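**Student:** Got a structure here, written out as structure tokens. Questions coming.
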Amino acid sequence: MAAEVKAQASSSSGQRSFTEVLRTVFGPVGQLILFIVGSALALSLVVVLLALLQIGARPDILTRALTILPQVIIDGLVRGFLFASIALGYTMVYGVLEFINFAHGEIFMVGGVVGAAVSLFLASSGLLAGMPGLLFVILVIAVGMVVSGALAVTVERVAYRPLRGAPRLVPLISAIGVSLVLQDLMRLMMTNTPLGFNARFNTPDFGPPIRLFEMNLGARPVPVILPPKALIFIVASVLMLIALNYLVNATRLGKAIRATAQDMPTASLMGINVNQIVALTFLIGGALGGAAGALFGLNVGTVNPYMGFIPGLKAFTAAVLGGIGNITGAMVGGVVLGFLEAFVASYLSLFTNGAFSGAAYADIAAFSILILILIFRPSGLLGEATTQKV
Amino acid sequence: MALLELKNVHTYYGKIHALKGVSITVEKGEIVTLIGSNGAGKSTTLRTISGLLTPRGGEVYFSGQRIDKVPAHEIVKLGIAQAPEGRRIFPRLTVLENLEMGAYLHSTRSQAYHDDLERVFTLFPRLRERTAQKGGTLSGGEQQMLAIGRALMTRPQVLLLDEPSMGLAPVLVEQIFEIVKTINGQGTTVLLVEQNALQALSIANRGYVLQSGAIVLEDSAQALRENETVQKAYLGLE
Ligand SMILES: Nc1ncnc2c1ncn2[C@@H]1O[C@H](COP(=O)(O)OP(=O)(O)OP(=O)(O)O)[C@@H](O)[C@H]1O
Ligand SMILES: [Mg+2]
């Protein structure tokens, strides 16, 4: 009898089986993949339909649209993962404190600038050229994560924690202040060092673009290429998102984060040091933002002290789009927004016959989405219905 | 030496003076009940003991150690657990995860953890069937069981219960009081806050009556049940 009870106890309790861990970690990732494939398919379908509508007047339009489609999808993925990794910082902090950390865009910027500083150091000491690409990537990401994570924790300690319990507007104003201070401090530092206002983000040679396959459309086959930097961005982001899901869903600390987000005083009745948990969420969000900043800098090749503003706002849009406070939602919102933007940027001018330049209107598309969501579905794509709220 | 002792405790919410010199002692092994009408300060007393509120005056001692400035998460470590008013289950964690949070300070890999879990499931067999269900989807009664179970997972010496019978059907109320007695019989000291004064006094050793933030009566449970004022004000007897 006693033995039976024991067996029951252990099967119904503690040791999560391996499959259970896989499910909690890859469930959200699966949801993310679903949204990636879904957005890519839906938007491609829209493109084809729009092309077919105009095909009478412009016979070559379908071929032209399809030729750039794979590149647009890759671009969408890169933008999407960029927004997703920044959006996680907003959403995690919101989940725990119900507070929008408007300085998070600057945490991202700092990651980029620190990465550029590392690359400048390596370049000027002659180490860069001979460095293996992977080592360089890991190095700048690690440095970006450490510095941005530490900065986010410091900001919380200095500018937000003393205001906890104050009316909601007060920490928000503090966050905007922090954001301005960080921008201008960084400008001061950059313009007084060899970095300069627009700092180059040097990288070792990552090799030639990867040829994925060739598309046979009309006259000659069109190669579909994946730039190595895009590949780095996508792989690094996916690894980070998987790690985050594991941390939040399958570890004791992750559960403590969720418990604290759901009910802070009660979490402290469990022996959870909620101040530590709040600091931890800033650390994780800041580290993710810093990594995204370094990856972004590496990808575009230059960084400046104001580069965090627009991506920060868009990532915030992504977080709201996915349902603010919801971790899977932030990732989903990020990729959906990234795809939308990439499609608008590439196809708007094609379909309006050059009347509108897509690149210029991509931002408008992004922020129109924010406004529409706030009006029609403030709870976001995944909103309350999901189980994944922090 | 009393296990838990409040000496002339004053607690405020901003300018609101909620506890005006409360003194309570709880001896090891007892069930002590704290009764009083709405807004008397019962929950405030428990929150002060648990460290969620810091008193502005007076002292709180646990096993002779002063704890009124100790933060809440440290107090749990010392051996004081609370099942708070309104149950406060983590709604989006499963039943098992809620219990794991109760065991936050202990290793979930240890045998002791499994024994604790088994103890909770024996007290509340209903929870065993629902380990994978989200806390927020449990019925009120099940949530109360989970709140008590979760508090027990911290391995408390003293269990603070804030209106465990609130909103439950009479059968369940009966059951919850039985379980409180069982828990006490297993060696856990209990401080029980209740509106349901009659039932609370029937399982308690001693009781305190709190009114507008001050203790107005204290006696053995038996004596309180027979006290005329208590009967009129709290037992609904004429
Ligand atoms: N968070 C708070 N902010 C301000 N005042 C509060 C707060 N919580 C309680 N109070 C006040 O403190 C007093 C005591 O409240 P408390 O919750 O301790 O009463 P109680 O005896 O538990 O009542 P009930 O039986 O209704 O639960 C009340 O006057 C209440 O209005
Ligand atoms: Mg109360």
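**Student:** Rounded to the nearest 10 Å², what accessible area does A:Phe83 show when all protein chains are kept and the probe is 1.4 Å?
**Tutor:** Using a 1.4 Å probe on the heavy atoms, I get roughly 10 Å².
**Student:** Sorting check: for B:162-172, A:253-263, A:296-306, which peptide has the highest mean count of neighbouring beta carbons within 10 Å, and how do the rest follow?
**Tutor:** A:253-263, A:296-306, B:162-172
**Student:** Same structure again: Exceeding 27 Å between C-alpha atoms, which entries from my cross-link table qualify? They are B:Lys69/B:Lys232; B:Lys15/B:Lys77; B:Lys7/B:Lys77.
**Tutor:** Correct reply: B:Lys69/B:Lys232; B:Lys15/B:Lys77.
**Student:** Place a +1 charge on the Cβ of each Lys and Arg in the stretch B:84-238 and a -1 charge on the Cβ of each Asp and Glu, then give the dipole magnitude about the Cα centre in debye, rounded to the nearest 20.
**Tutor:** Dipole of the stretch B:84-238, to the nearest 20 debye: 580 debye.
**Student:** On to the next question. Considering every Cα-Cα pair within the stretch A:20-80, what fraction, in whole percent, is farther apart than 20 Å?
**Tutor:** Tail of the P(r) past 20 Å holds 43 percent of the pairs.
**Student:** Could you give the size of the charge dipole of the stretch A:219-352 about its Cα centre, using +1 on the Cβ of each K and R and -1 on the Cβ of each D and E, expressed in debye and rounded to the nearest 20?
**Tutor:** For this selection, approximately 200 debye.
**Student:** Compute the signed sum of charges (Lys and Arg +1, Asp and Glu -1) over the other residues within less than 13 Å, Cβ to Cβ, of A:Ala123.
**Tutor:** Here the charged neighbours net out to 0.
**Student:** Please give me, ordered by residue number, the GluC sites (Glu not before Pro) of the stretch B:18-67 that lie in loop per DSSP and have at most 14 other Cβ atoms within 10 Å.
**Tutor:** The qualifying sites are B:Glu27.
**Student:** As a test, work out the antiparallel percent of DSSP beta bridges whose residues both lie in the protein assembly as shown, rounded to the nearest 5.
**Tutor:** Bridges in the protein assembly as shown are about 60 percent antiparallel.
**Student:** Using the basic label-point model (7 angstrom from Cα toward the beta carbon), what is the B:Gln133 to A:Ile310 distance in nanometres?
**Tutor:** Using points 7 Å along Cα→Cβ, the separation is 5.2 nm.
**Student:** Take the alpha-carbon centre of the stretch A:79-138, take the same for the stretch B:32-53, and report the distance between them in whole Å.
**Tutor:** For the stretch A:79-138 versus the stretch B:32-53, the Cα centre distance is 48 Å.
**Student:** Cross-link partners among lysines for B:Lys28, C-alpha distance below 16 Å, same-chain residues fewer than 8 apart left out?
**Tutor:** Hits, sequence-local ones excluded: B:Lys181.
**Student:** Here's a follow-up. Measuring from centroid to centroid over Cα atoms, what is the spacing of the stretch B:169-188 and the stretch B:195-217 in Å?
**Tutor:** Answer, in whole Å: 17.
**Student:** Between B:Leu78 and A:Arg377, how high is the FRET efficiency from 1/(1 + (r/R0)^6) when r is the Cβ-Cβ distance and R₀ = 56 Å? Nearest 0.05.
**Tutor:** 0.75
**Student:** Next question. Using protein chains only and a probe of 1.4 angstrom, how many square angstrom of A:Ser379 are accessible, to the nearest 10?
**Tutor:** 50
**Student:** Using a Förster distance of 60 angstrom, determine the FRET efficiency expected from the C-beta separation of A:Ala57 and B:Asp219, and round it to 0.05.
**Tutor:** In this case the efficiency is close to 0.05.
**Student:** Net charge near B:Glu163, counting Lys/Arg +1 and Asp/Glu -1 over other residues with Cβ under 15 Å of its Cβ?
**Tutor:** That sum, taken over residues with Cβ under 15 Å, equals +1.
**Student:** What does the accessible area per residue of the stretch B:197-238 come to in Å², with a 1.4 Å probe and no ligands, DNA or RNA counted?
**Tutor:** That works out to 53 Å² per residue.
**Student:** Show that you can apply the helix-only estimate: for the protein assembly as shown, add -39,500 (n - 2.57) for every DSSP H stretch of four or more residues, divide by all residues, and state [θ] at 222 nm to the nearest 500.
**Tutor:** Result for the protein assembly as shown: -19000 deg cm²/dmol, rounded to the nearest 500.
**Student:** How shielded is B:95-108 by partner chains, expressed as the average number of their Cβ atoms within 10 Å of its Cβ atoms?
**Tutor:** If you average over the peptide's residues, the count of other-chain Cβ atoms is 4.
**Student:** B:Lys42 accessible area, nearest 10 Å², 1.4 Å probe?
**Tutor:** 10
**Student:** At a 1.4 Å probe radius, which order do A:Ile234, B:Ile24 fall into by accessible area, largest first?
**Tutor:** From most exposed to least exposed: A:Ile234, B:Ile24.
**Student:** Over chain A, what relative contact order in percent results from Cα pairs under 8 Å that are six or more residues apart?
**Tutor:** Worked out over chain A, it gives 31 percent.
**Student:** While we're here: Say each of A:Phe18 and A:Phe213 gets a label point 7 Å from the Cα, pointing the same way as Cα to Cβ; how far apart are those two points in nm?
**Tutor:** Each label point lies 7 Å from its Cα, and together they span 3.3 nm.
**Student:** Would you mind computing the Rg to Rh ratio of the stretch A:140-263 from its alpha-carbon coordinates, Kirkwood style for Rh?
**Tutor:** Value, to two decimals: 1.12.
**Student:** Still on this structure, I have one more. Projected onto the charge dipole of the stretch A:209-314 (+1 at Lys/Arg Cβ, -1 at Asp/Glu Cβ, origin at the Cα centre), which of A:Thr302, A:Leu226, A:Gly289 gives the Cα projection farthest towards the positive end?
**Tutor:** Projecting each Cα onto the dipole axis, the largest value belongs to A:Leu226.
**Student:** At 7 Å along Cα-to-Cβ for each site, give me the label-to-label distance between A:Leu247 and A:Ala355 in nm.
**Tutor:** Simple spin-label model gives 4.8 nm for this pair.
**Student:** So what is the relative contact order of chain B, in percent, for Cα pairs below 8 Å that sit 6 or more residues apart?
**Tutor:** 27
**Student:** Also, quick follow-up: Over all distinct Cα pairs, what is the inverse of the mean 1/r for the protein assembly as shown, reported as the Kirkwood hydrodynamic radius in Å?
**Tutor:** Evaluated over the protein assembly as shown, this radius sits at 27.5 Å.
**Student:** Quick one: compute the contact order of the stretch B:1-133, relative version, from alpha carbon pairs under 8 angstrom and 6+ residues apart, as a percent.
**Tutor:** Once divided by the residue count of the stretch B:1-133, the mean separation gives 21 percent.
**Student:** Then there is this: With charges only on Cβ, +1 for K and R and -1 for D and E, what is the dipole size of the protein assembly as shown about its Cα centre, in debye, rounded to 20?
**Tutor:** 900
**Student:** Also, I was wondering about something else. How much length would be gained if the chain were fully extended between B:Gln186 and B:Arg56, taking 0.36 nm per residue of separation minus their Cα-Cα distance, in nm to one decimal?
**Tutor:** 43.3 nm
**Student:** A further question follows. At R0 = 51 Å, how high is the FRET efficiency between A:Arg164 and B:Thr122 if r is their beta carbon distance? Nearest 0.05 is fine.
**Tutor:** 0.80
**Student:** Going toward the positive end of the dipole of the stretch A:209-317, with +1 on Lys and Arg Cβ and -1 on Asp and Glu Cβ, which of A:Val278, A:Met240, A:Thr317 do you reach last?
**Tutor:** Checking the options against the dipole of the stretch A:209-317, the answer is A:Met240.
**Student:** Once both axes come from the Cα atoms, what is the angle between helix B:111-123 and the longest principal axis of chain B, in degrees from 0 to 90, rounded to 10?
**Tutor:** 70
**Student:** Still on this structure: Can you give me the angle between helix A:104-124 and the longest principal axis of chain A, using Cα atoms only, in degrees from 0 to 90, rounded to the nearest 10?
**Tutor:** Taking Cα atoms only, the helix is inclined about 70 degrees.
**Student:** Within a Cβ distance under 11 Å of A:Phe83, other residues only, what is the Lys/Arg minus Asp/Glu net charge?
**Tutor:** Spelling it out: positives minus negatives among the neighbours equals +1.
The values are calculated or read from the model by the stated rules, or taken from the named source; none is laboratory data. Remember, it's a predicted structure, so these values are computed and weren't measured experimentally. Heads up, the Cβs are rebuilt from the backbone with ideal geometry, glycines too, and the neighbour counts pull from every protein chain shown. Keep in mind that these areas ignore ligands, DNA and RNA; they rest on the heavy atoms of the full protein, side chains included. Shrake-Rupley method; radii C 1.70, N 1.55, O 1.52, S 1.80 Å.
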